[in-house]
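Peer 1: Structure in structure tokens, see below.
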Amino acid sequence: MKKVTKKEVREFLKECREDNPFGWRLWRCGAFIYNDKVSLFVAYHGQGLNEIVYNQKYDDIVEFEDLCNTYEYNLKTATNIAHEQIKNMIENYLEK
């Protein structure tokens, strides 16, 4: 299974934290495992949600919108927390 790098997580969080040109509000974001592949996802209020997440067809999921829609944590700290959550999700999945 391919791991998600801290750089990928940082870029993902950076994008989630930016103001979008349409004024959409963040609804959900995180990472999920489906068919032995880790994917990052983001959804905004009034916009479509990833089909796998919507139908709960994932093998495992971790959500961290609290790291995306708040500035309680700086980007570096938020990246470390999200990366650790993803790493733990993968480890738990592989133990099954």
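The values are calculated or read from the model by the stated rules, or taken from the named source; none is laboratory data. In this text, all values refer to a predicted model and were calculated from it rather than measured experimentally. All Cβ positions, even for glycine, are placed from backbone atoms using ideal geometry, and neighbour counts span all protein chains on display. Ligands, DNA and RNA are stripped out before the accessible areas are found, and what is left, the full protein with its side chains, is counted by its heavy atoms. Shrake-Rupley method; radii C 1.70, N 1.55, O 1.52, S 1.80 Å.
Peer 1: Among the residues of the range 70-87, write down those that are surrounded by fewer than 12 Cβ atoms within 10 Å (Cβ to Cβ) and either assigned to a helix (DSSP H, G or I) or among the hydrophobic types (A, V, I, L, M, F, W, C) (or both).
Peer 2: Our first condition is that a residue be surrounded by fewer than 12 Cβ atoms within 10 Å (Cβ to Cβ); within the range 70-87, this holds for 70-72, 74, 76-77.
Selection gives LYS76, THR77.
Peer 1: Please work out which one of (1) out of contact with any helix residue (DSSP H, G or I) (no Cβ under 7 Å at 6 or more places or on another chain); (2) without any contact (Cβ under 8 Å) to a residue 24 or more places away in the chain; (3) of a type outside the set (Ser, Thr, Tyr); (4) under 13 Å from VAL4 (Cβ atoms) is the condition PHE41 fails and give its number.
Peer 2: Status for PHE41: all satisfied but (1).
Peer 1: Within the group TYR54, TYR58, TYR34, TYR71, which residue is touching a Ser or Thr at 6+ places or on another chain (Cβ under 9 Å) and hydroxyl-bearing (Ser, Thr, Tyr)?
Peer 2: Going through TYR54, TYR58, TYR34, TYR71 in turn, the sole match is TYR58.
Peer 1: If you don't mind, there's one more thing I want to ask. Cβ contacts < 9 Å: first residue part of a helix (DSSP H, G or I) and open to solvent by 40 Å² or more (accessible area, probe 1.4 Å), restricted to the range 50-66; second residue modelled with pLDDT under 95 and of a type in the set (Lys, Arg), any location; separation 6+ or different chain. Result?
Peer 2: Taking only residues 6 or more apart or on different chains, the pairs are GLU65/ARG28.
Peer 1: Next question. Do the conditions hold for CYS16, that is, is it open to solvent by less than 40 Å² (accessible area, probe 1.4 Å) and assigned to a helix (DSSP H, G or I)?
Peer 2: Criteria met by CYS16.
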